[in-house]
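Participant: First the structure, which I've put down as structure tokens, then a few questions once you've had a look.
Since every read-out is calculated from the coordinates, none of them should be taken as a lab result. All values derive from a computational prediction rather than experimental measurement. Using ideal geometry, Cβ is built from the backbone for each residue, glycine included, and neighbour counts are taken over all protein chains shown.
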Amino acid sequence: MRDFTCPNCGQRLSFENSVCLSCDSRLGFALDQMAFLVIAEDELAEQAGSVADTEYHLCANLHLAECNWLVPVAPVRQLCQSCALTRTRPHDADTKALAAFALAEKAKRRMIVELRELGLPIVGRDADPEYGLAFDLLSSDQEKVFTGHENGVITLDLAEGDDVHREQLRIAMEEPYRTLLGHFRHEVGHYYFYRLIAPVQEYAQQFEQLFGDPDEDYQQALDRHYNDGPPADWQQDFVSSYATMHPAEDWAETFAHYLHIRDTLDTAAAFGFAPAGATYDRRVLGPSGFGTITDMWLPLAWGLNMVNRSMGKEDLYPFVLTPTVLDKMQFIHTVIDASTAAA
């Protein structure tokens with residue numbers, strides 16, 4: 001994530017800011033410009049002068065989802081590019097689920113920015129009614145909800161927004177890492193399999209060589225995984241134990257880790273503790289491109305893990321990237337880079 005500043009006074013901003021804490025300017029994030037703008041609305045517009053931007057106002061989900069993104073001014077206040085992708089949300093009366101909904105939307109906005117930075121296509125349900133990207137964000141407190149992906153629709157159980165619930169699941173499933181952002185990155189990996197891999201024969205063949213048969217019976221694989229657990233030596237070939245369940249899950253897990261690495265590198269570069277070449281603005285091209293990324297990532301991940309330990313916390317990135325996992329990740333990098341070039 002980039003290092004943002006207030007365009008009025010230069011104060012550093014976090015990605016979640018809607019007000020500058022230094023000059024009190026009202027702010028909003030413009031995805032198309034990948035920057036914060038000072039905005040003015042209604043009677044404040046004339047007083048704001050050249051500092052304020054009157055072409056935008058804040059997303060209609062400003063309060064409901066704590067969204068600080070901007071949309072073009074229109075007679076009816078609209079949803080931003082991220083919020084518009086949400087197809088289903090909790091009922092207004094479900095205050096507990098709505099609080100979790102705001103947390104989920106915050107994580108989703110961060111993911112959408114990364115997808116945009118990488119140049120990946122974000123095709124919504126409005127443009128592709130059958131396979132476009134959409135989100136159903138619902139809580140299992142009220143109904144049975146299974147986090148997953150189907151034909152472009154990503155479902156997330158909002159109970160994952162509760163730290164205690166999520167940590168209990170993480171321990172029960174013997175996972176070293178479990179976050180809302182991680183869920184989104186994993187599930188969107190399934191979406192990009194259908195968007196980028198399945199339609200291209202060359203990619204489909206390479207996928208099968210690296211990950212296995214994507215048409216393997218999913219229910220049988222699921223039952224086998226939860227009955228027998230992962231293979232004893234799974235760490236040699238997979239980024240996580242869950243990735244061993246099915247080729248589709250191996251792809252999604254590896255895809256999520258690629259996004260973890262790229263965004264963390266970009267943020268580290270923005271704040272000066274990773275090389276400038278780690279940013280999204282500096283595309284790493286050619287056969288050596290992914291090697292450049294790993295050369296920057298591995299020492300950074302080690303250092304960040306040591307920093308966390310110095311604070312008495314668990315490792316920031318508690319994973320081992322073996323040669324086999326890196327080969328899979330390099331394929332993902334190649335596919336994304338080709339998609340960006342085509343776009």
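Participant: Go through the residues of region 288-308 one by one and say whether even a single one is at positive phi and not aromatic (Phe, Trp, Tyr).
Facilitator: No, region 288-308 contains no residue that is at positive phi and not aromatic (Phe, Trp, Tyr).
Participant: Name every residue in region 295-318 that is surrounded by 13 or more Cβ atoms within 10 Å (Cβ to Cβ) and in contact with a helix residue (DSSP H, G or I) (Cβ under 7 Å, 6 or more places away or on another chain), in order of residue number.
Facilitator: MET296, TRP297, LEU300, ASP315, LEU316, TYR317
Participant: Can you tell me which residues in region 74-89 are of a type in the set (A, V, I, L, M, F, W, C) and either surrounded by 17 or more Cβ atoms within 10 Å (Cβ to Cβ) or under 18 Å from GLY132 (Cα atoms) (or both)?
Facilitator: The answer is LEU79, CYS80, CYS83, ALA84, LEU85.
Participant: Filter region 263-283 for residues that are farther than 14 Å from LEU298 by Cβ and surrounded by 15 or more Cβ atoms within 10 Å (Cβ to Cβ); which is nearest to the chain's Cα centre (by Cα)?
Facilitator: Within region 263-283, the match that is nearest to the chain's Cα centre (by Cα) is ASP263.
Participant: Still on this model: I'm trying to understand the selection: among the residues of region 180-213, which are more than 20 Å from THR147 (Cβ to Cβ) and either of a type in the set (Gly, Ala, Ser) or part of a loop (DSSP other than H, G, I, E, B) (or both)?
Facilitator: ALA198, PRO199, VAL200, ALA204, PHE211, GLY212, ASP213
Participant: Can you tell me which residue within region 232-281, out of those that are of a type in the set (Asp, Glu) and assigned to a helix (DSSP H, G or I), is farthest from PHE331 (Cα to Cα)?
Facilitator: ASP266
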